[in-house]
Amino acid sequence: MPTFQFEAIDAATGKEIRDSVDAATEAEAQATIRSMGYMVTKLKAKKARAANAPGVKKKPGRTFVIGGVKSKDLTLFTRQLSILQDAGLPILRSLKVLADMQKPGRLKNSLLDTCDEIEGGSTLSEAFSKSPKAFDRLYCNMIRAGEAGGALEVILRRLAEFQERSQSLKRKVKGAMVYPIVVVSVAVGILTFIMMKVVPQFKKIFDDFGSTLPPMTQILIDISNWVVNYWYLIPAIPFGINLIIKGIKMIPYGRFGWDLFILKAPIFGQLVEKNIMSRAARTLGTLLASGVPILEALNITKETSGNMMFEKLFTKVSESIRDGNAIAKPLKEFAVPPFNAVAVLFWTVFCPGIGLLMYLMRYKQPVVDDLVVNMVDVGEESGELDTMLYKVADTYDEEVAVLTESLTSLMEPLLIIFLGGAVGFIVIALFMPLIKLIQDLS
């Protein structure tokens, strides 16, 4: 029996109703809805989902894919959809045009499914929510808010701007990390080659002459012997450390400790903290400006923060708001991290000797600056919280960009010093016994 999706008005309460009924014909469906005390405003037959039926071929246009949608592709799609909506195209027509433009993949499949859902009577937000691997909660809630407020094109434009800013910040951070990673990788490869191929040849010369080697040369030969015998540990050690960290992070307390260590780590901790704060402020501001309720906005911001310390912070802020409090007070009160034994372990391992002292000096520092708290407080009093959050995000974006450039500038001389020191040590260690041999022969 066909299923009819309908929108109606409750005659008794005046509320808008969205539901579905099973009926043989459209006239029978209307009669059934009227018997329920509703006045029908929209009625449409919902198409059966052929893909879910056993033995039915896959829907045309879909391809087998693994994984989600690239953020770059989703950002471009959102901008294109906002332009089409500004031009006045119907939403279904816009989605079909954009689906035809996409390359085969997750996004194309999701857009085709979305078109089917809308043709079956679903709203855009309901259709997007059926494809969680392409459209997350943040995306769907903003679309839902735009539909409720009748300003979908404005919400799409705001969502596109949010994604473009996030993409720009990611590109800056990733671009800054490319240089040191490439240099360190090449340096490790060259030094490994020298230890495995060059130093053993010098060792044969020294053994043939039977001369006593200086301590520096002996250290170099010992390192070379270790590399030759255990070369497979060079890639295995970082891989093993990564597995251990992932195992610890599977336990909530362990993940909390790792996240605290990352936030307070030397050099890079400040960059991570400011990056998370910028993303959280922009996400929350965008959701509030789009009309999403404050508690729902905080829950979505918590999920997108990517750090357990901030997740706990936003949870406490939500609980405080339910009790009738403002945002600024709990934001400041719960921004101080608690003591964590796993964080102490990471500090001790990665900063031997001074790790415990550094942790005790740093762990009580709040993860939210007073500047953020004061701006949030002013925003609540003036009724422009979203505007203040945008300003916080812009400020932190600039600080992240400056800090990234500063770290990149600092890494270059440090890498040069490291490479120069390593090469100098090898040259001196190899030539000291050669000079002694030449002197003895002369």
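Go through the stretch 368-391 and give me each residue that's assigned to a helix (DSSP H, G or I), more than 11 Å from residue 331 (Cβ to Cβ) and of a type outside the set (Asp, Glu). Residues satisfying the conditions are 371, 378, 379, 382, 385, 387, 388, 389, 390, 391. I want to confirm something. Restricting to the stretch 343-367 and keeping residues that are surrounded by 12 or more Cβ atoms within 10 Å (Cβ to Cβ) and small (Gly, Ala, Ser), which single residue is nearest to the chain's Cα centre (by Cα)? Per the criteria, the residue is 343. When restricted to residues that are closer than 20 Å to residue 163 by Cα and in contact (Cβ under 8 Å) with a residue 40 or more places away in the chain, the stretch 106-134 contains 5. Scanning the stretch 321-332 for residues that are in a helix (DSSP H, G or I) and touching a residue at least 12 places away in the same chain (Cβ under 8 Å) yields a count of 6.
Every condition in (1) assigned to a helix (DSSP H, G or I); (2) modelled with pLDDT of 80 or more; (3) over 30 Å from residue 399 (Cα atoms) holds for residue 168 except the one numbered (3).
Conditions (1) assigned to a loop (DSSP other than H, G, I, E, B); (2) under 28 Å from residue 6 (Cβ atoms), marked per residue:
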| position | (1), (2) |
| --- | --- |
| 83 | no, no |
| 89 | yes, yes |
| 93 | no, yes |
| 96 | no, yes |
| 99 | no, yes |
| 104 | yes, no |
| 111 | no, yes |
| 116 | no, yes |
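Within the stretch 288-314, the set of residues being part of a helix (DSSP H, G or I), surrounded by fewer than 15 Cβ atoms within 10 Å (Cβ to Cβ) and either free of Cβ contacts under 8 Å to residues at least 12 places away in the same chain or not hydrophobic (A, V, I, L, M, F, W, C) (or both) comprises 303 only. Candidates are the residues of the stretch 13-47 that are within 42 Å of the chain's Cα centre (by Cα) and loosely packed, with under 12 Cβ neighbours inside 10 Å; the one that is modelled with the lowest pLDDT is 15. Residue under question is residue 380, and the condition is that it be surrounded by fewer than 17 Cβ atoms within 10 Å (Cβ to Cβ), modelled with pLDDT under 85 and not aliphatic (A, V, I, L, M); does it hold? So residue 380 fails the test.
The values are calculated or read from the model by the stated rules, or taken from the named source; none is laboratory data. Being a predicted model, the structure only gives us computed values, none of them experimental. So basically every Cβ, Gly included, is an ideal-geometry build from the backbone, and we count neighbours across all protein chains shown.
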